[in-house]
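A quick write-up on the structure given underneath.
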Amino acid sequence: MTDPITLASPESTAHVVQVALSPVFLLSGIATLLNVFGARLARVADQADHVSGLLAGAGDAERILLGRRLDRLHRRSLALDAAVFLAALGGVATCGSVLTLFVGAMRDSTVTTLLFGLFGAAILCTLCALVAFGFEMLLASRSVRDRINQRRRSAGIPPDL
C-alpha cells in the first residue's frame, strides 16, 4: 500500500509524471501512424473515384480490368481500416495506461496488472496495425506492377515478371 504522505512530495509526483511520459511517447508515435494511414486511405479513395468514373465509358474488356482494380482498392481500404482501428485502439489503451499510472499513484499498487494489460494491449494493437499497413502496402505495390505490365502489353512490350 502506498503512503499518501509520500505521494504528496514533489519528488514522488515528479516520478509519476516521468513514468507516465513513456506511454505518451508511444501515443505520439501512434498519432503519426494514424496520419500516415489517413493519407493512404485518402489516396485509395481518390483512385477509387477515378476508376469508378472511368467505368461509365469503358468497353467490356476494360470494365473487367477496372473491376479488378476496384476490387484491389477495396481490399486496400479494408486493410487500412483495420490498421486505423487497431492504431486507435492502441492509442486508447495507451491513454488508459497513463490514466492508470496516475490513479495507481493515488491508490494501491494493485493496479499494476491493469497497467501492464493496457500497455501490452497498446503495443499489440500497434503491432497489428503495422501488419495491416504492410499488407496494404503489398496490395498497393502489386496494383502498381499490374498497371505497369498492362501498359507494357498495350505498347507491345512483354510484361515484366
Just wondering, is there one or more residues in segment 3-24 that are at pLDDT 75 or above, open to solvent by 80 Å² or more (accessible area, probe 1.4 Å) and in a helix (DSSP H, G or I)? no
Would you check which residues across segment 34-81 are open to solvent by 40 Å² or more (accessible area, probe 1.4 Å), hydrophobic (A, V, I, L, M, F, W, C) and touching a residue at least 24 places away in the same chain (Cβ under 8 Å) and list them? Leu34, Val36, Leu41, Ala45, Leu65
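The values are calculated or read from the model by the stated rules, or taken from the named source; none is laboratory data. Remember, predicted model here, so these are calculated numbers, not experimental data. Because the Cβ atoms are built from the backbone with ideal geometry, glycine has one as well, and the counts that use them run over all protein chains shown. Heavy atoms of the whole protein, side chains included, go into the accessibility calculation; ligands, DNA and RNA do not. Shrake-Rupley method; radii C 1.70, N 1.55, O 1.52, S 1.80 Å.
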